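First up is the structure itself, then whatever we jot down about it.
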Amino acid sequence: MKSRYKILIVDNVENEEVVSLLKENLEQEGYGVDACLSATEALEKVKSTKYHIVLTAIVMPQMDGLELLREIKKYDSLAQVIMMTEFSTMARILSALEFGANDYILKPYKSTEYVLEIIQYAVKKLERWRAAFIEIVQ
């Protein structure tokens, strides 16, 4: 069932090693995973590919994660967008929620298992939406 869900990981070039490791762990769990190292590249991917879950850093050059979140929601309002950051403020968290973020992860990650739990929670939300759509269509 996990293979049904496609995940996009977006972070800075400085975190390329962490992104690769997270991508590898998610693929081992059975998810389809793409990764990119800029918000502008991520936006191009979102325009051409359906992603169910997007994990994105907030602080990035050119376009920050909050702007990326707003753009993603224009293309797919049901996409589960999970914000990731080392530098957090209450205002930033509230903005993320206001713009439609589904969750928030503080970096460095507590553990890979912690990130997997958050993703599994997003998958459960998607499954509930899917079940509701199926029920309505029948």
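Taking only alpha carbon atoms, the chain gives an Rg to Rh ratio of 0.95, where Rh is the Kirkwood radius.
Among the helices of the chain, those built from whole DSSP H runs whose Cα atoms reach 30 Å or more along their own axis and whose mean Kyte-Doolittle hydropathy is at least 0.0 are 112-137.
Just want to confirm a number: the relative contact order over the chain, from Cα pairs under 8 angstrom separated by 6+ residues, in percent. Taking the mean separation of contacting Cα pairs over the length of the chain, I get 21 percent.
Computed from label points 7 Å out along Cα-Cβ, the spacing between GLU24 and LEU78 is 3.4 nm. Between LYS110 and SER48, the modelled labels are 3.8 nm apart [label points 7 Å from Cα along Cα→Cβ].
Placing a pseudo-label 7 Å from each Cα along the Cα-to-Cβ vector at SER95 and LYS124 gives an inter-label distance of 3.0 nm.
Compute the distance from the alpha-carbon center of segment 67-84 to that of segment 22-62, in whole Å. Their Cα centres are 11 Å away from one another. In this structure the amide hydrogen of LEU55, modeled in the peptide plane, comes within under 5 Å of the amide hydrogens of LEU8, ILE9, VAL10, ILE82, none closer than 5 places in sequence on its chain. Helices in the chain, meaning DSSP H runs of at least 4 residues, each add -39500 (n - 2.57). Divided by all residues, the mean residue ellipticity at 222 nm is -16000 deg cm²/dmol.
Values quoted throughout were computed directly from the atomic coordinates according to the rules given, and no laboratory measurement underlies them. These numbers were taken from a predicted model, which means no experiment stands behind them. Every residue, glycine as well, gets a Cβ built from its backbone with ideal geometry; the counts of neighbours run over all protein chains shown.
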